[in-house]
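**Student:** I'd like to ask some things about the structure below.
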């Protein structure tokens, strides 16, 4: 079945660690939650207005017709373009770092010189600010929670009734910015590649920092495990590790012979079974995480990329931006079985040469 014809509701992808603004890492995990319409209330602490390794398998690329509809919403040329053919201008937001579809509209993360921002966009409406001028922010997988840093404090808020309501805060080191969620915890990253977890339900925040120079892929569905790169035998060959967020990011499992490019660029499937990661420049590998830390088959060639955010149409089908102005759709079951039609290329009409195509995941299950 062609990717563009799939009708399964998409879930949000787990993405490389930067909703925190320029040069910040980020990830958002899979989850579901509808979003209400916004109002203009103001929350506390924010304002509104290696050499390539030979891999098993090969991938044929099927180029779909230029008239094919897109399987996901995308941001191109300063506009949000929907899979149903609609278009909404995002010019008021400035540079768009991320966008997510919810049941009642879209949540859009912007980045300007004044800081990061969070906006709500309703069908047929104008973007409305929820948070502006913060140092960095991260959305939770459920779409209901947002964490941000402002004025040397960390904040946790809920997105309800169209506004952000603060429900927790803690003093923070000057450069510790929320970059993602793991269960009820907030993953915080510093500018010098240190990571810690803030548990807002605890009365105090005393971070236990861990240096992870190559970054974090994201959180597994168990609510406590992060998948990350850890240093290997050489800078060109990092290891893949499971870290326990409840124990100071201690390593619980590690493997060092998967061909990964330094830098945790990639996505986790919603069920935590698959990792699609950068295996070489402009090349992706598919790793079965059920086997990755024991006896296993080699990582499989997963075509070009990974590029930018990705949207999971289901637990086995993912769409991401490809080279040029196109989308890449991967069918992981077919890829794992060695089928040559596992990858499709889908042109994106109207894209401009100077701007990348930004895929819009959904936060609705």
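None of the figures in this text is laboratory data; all of them are computed from the coordinates on show. Nothing here was measured: the structure is a model prediction, and the numbers come from that model. With ideal geometry, Cβ positions are generated from the backbone for all residues, glycine too; neighbour counts draw on all protein chains shown.
**Student:** Would you please give the FRET efficiency between residue 290 and residue 250, computed as 1/(1 + (r/R0)^6) with r the Cβ-Cβ distance and R0 = 22 Å, to the nearest 0.05?
**Tutor:** Working: r = 22 Å, r/R0 = 0.99.
The value I calculate is 0.50.
**Student:** So, how do all the Cα-to-Cα distances of region 81-143 break down into 10 Å bins, in percent, from 0 on up?
**Tutor:** It works out to 22, 56, 22, 1, in whole percents.
**Student:** Sorted by packing (mean other beta-carbon atoms within 10 Å per residue), highest first, where do 175-181, 142-148 land? Working shown, then result.
**Tutor:** Numbers: 175-181: 26.4, 142-148: 23.7.
Ranked from most to least packed, the peptides come out as 175-181, 142-148.
**Student:** I would also like to ask the following. Return 201, 211 ranked ascending by Cβ neighbour count within 10 Å, so the fewest neighbours appear first. Can you show the working numbers first?
**Tutor:** Working: 201 8, 211 12.
By the 10 Å Cβ count, ascending: 201, 211.
**Student:** What are the extents of the Cα atoms of region 134-222 along their three principal axes, listed from largest to smallest and rounded to whole Å?
**Tutor:** For region 134-222, the Cα extents along the three principal axes come out at 39, 30, 23 Å.
**Student:** Follow-up question, since we're still on this one. Kirkwood Rh over Cα pairs of region 148-288 into Stokes-Einstein at 10 °C, 1.306 mPa s: D in µm²/s? Don't jump to the answer; show the numbers that get you there.
**Tutor:** Working: Rh = 15.9 Å.
Answer, rounded: 100 µm²/s.
**Student:** Right, another one. Using the number of other C-beta atoms within 10 angstrom as an exposure proxy, rank 119, 198 with the fewest first. Mind showing how you got there, number by number?
**Tutor:** Working: 119 25, 198 20.
Going from sparsest to densest Cβ surroundings: 198, 119.
**Student:** Something else now. Fewest Cβ neighbours within 10 Å first, please rank 93, 276, 258 accordingly.
**Tutor:** 258, 93, 276
**Student:** Just to compare against my own numbers: the Cα pair-distance distribution for region 273-365, 10 Å bins, whole % per bin, please.
**Tutor:** Taking every Cα pair in region 273-365, the percentages come to 16, 48, 29, 7, 1.
**Student:** Which distance in nm do the two modelled labels at residue 201 and residue 123 give, with both placed 7 Å along the Cα-to-Cβ direction?
**Tutor:** In this crude label model, residue 201 to residue 123 measures out at 3.6 nm.
**Student:** Let me ask something additional. Which whole number in µm²/s is D for region 255-327 by Stokes-Einstein, with the Kirkwood Rh taken over Cα pairs at 4 °C and 1.567 mPa s? Walk me through the numbers before you get to the answer.
**Tutor:** On the way: Rh = 12.5 Å.
Result for D is 103 µm²/s.
**Student:** R0 = 25 Å: FRET efficiency of residue 353 with residue 83, Cβ-based, nearest 0.05? Walk me through the numbers before you get to the answer.
**Tutor:** Details: r = 23 Å, r/R0 = 0.92.
Rounded to the nearest 0.05, the efficiency is 0.60.
**Student:** Continuing with this model, one more query. How much length would be gained if the chain were fully extended between residue 165 and residue 297, taking 0.36 nm per residue of separation minus their Cα-Cα distance, in nm to one decimal? Can you show the working numbers first?
**Tutor:** Details: separation 132, 0.36 × 132 = 47.52 nm, distance 4.74 nm.
The span from residue 165 to residue 297 would gain 42.8 nm if fully extended.
**Student:** Taking only Cα atoms of region 212-339, what ratio of Rg to Rh do you get with Rh as the Kirkwood inverse-distance radius? Intermediate results must be reported in sequence, preceding the final value.
**Tutor:** On the way: Rg = 13.9 Å, Rh = 14.8 Å.
Rg/Rh: 0.94.
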